Each structure stands twice: as C-alpha cells, then as structure tokens.
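The next block holds one structure in the form of structure tokens; read it before the comments.
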Amino acid sequence: MVVVMAISVGMHEAKTNLSRLVHAAQAGEEVVLTRRGKPVAKLEPVHGSRQKGMDAFLAMTESIHAGSGPGGRSWTRDELYER
C-alpha cells in the first residue's frame with residue numbers, strides 16, 4: 001500500500017512558493033490549494049498525451065507572443081480562433 005502525504009497550502013503561500021510546490025507535485029506529492037481553509041484546487045503532474053497537448057499549447061502561445069505563426073509567418077485570424 002502506498003501512502004501519499006498531502007500538502008495543504010493557502011493561496012498566499014502558494015503564490016510565494018509556487019516553484020517548490022510544482023516540484024513537489026511532480027515528485028508525486030498531493031498538493032492541495034486552499035482558500036480560507038477550504039480546498040479549492042489540486043496540483044498534479046501532467047502525463048502522457050496530456051503532456052503532448054500541453055507542450056503544443058505552450059509552443060503556440062510562445063510563438064504568438066513572439067509574433068510568428070507556423071512556418072515563421074504571421075498567424076491568421078482563423079488560426080488564432082479555431083477550436
């Protein structure tokens with residue numbers, strides 16, 4: 001039986017220590033974010049196809065911020081808003 005220790009953290013502390021909390025979640029610890037003592041969110045690692053989707057999303061947002069789209073050209077309105 002595997003016992004996972006949960007880390008419960010308030011929002012202010014989470015903002016202050018986000019990097020440390022993300023590392024803990026990646027290492028398998030359950031990180032629960034609270035607001036006024038009540039759980040509101042949980043940090044967990046991204047695995048498999050979800051990771052590929054996240055990588056594609058991050059690459060797209062970086063290219064939008066850099067001003068270049070696919071193939072180094074500008075993004076079209078349809079590419080930016082297609083679902």
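Numbers for the structure displayed
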read-out: Filter result (charged (D, E, K, R), modelled with pLDDT of 75 or more and surrounded by 10 or more Cβ atoms within 10 Å (Cβ to Cβ)) within segment 36-54; value: Lys42, Glu44
read-out: Qualifying residue in segment 8-17 (condition: touching a Pro at 6+ places or on another chain (Cβ under 9 Å) and modelled with pLDDT under 90); value: no
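The values are calculated or read from the model by the stated rules, or taken from the named source; none is laboratory data. The structure presented is a predicted model; accordingly, all values stated were derived computationally and were not measured. Because the Cβ atoms are built from the backbone with ideal geometry, glycine has one as well, and the counts that use them run over all protein chains shown.
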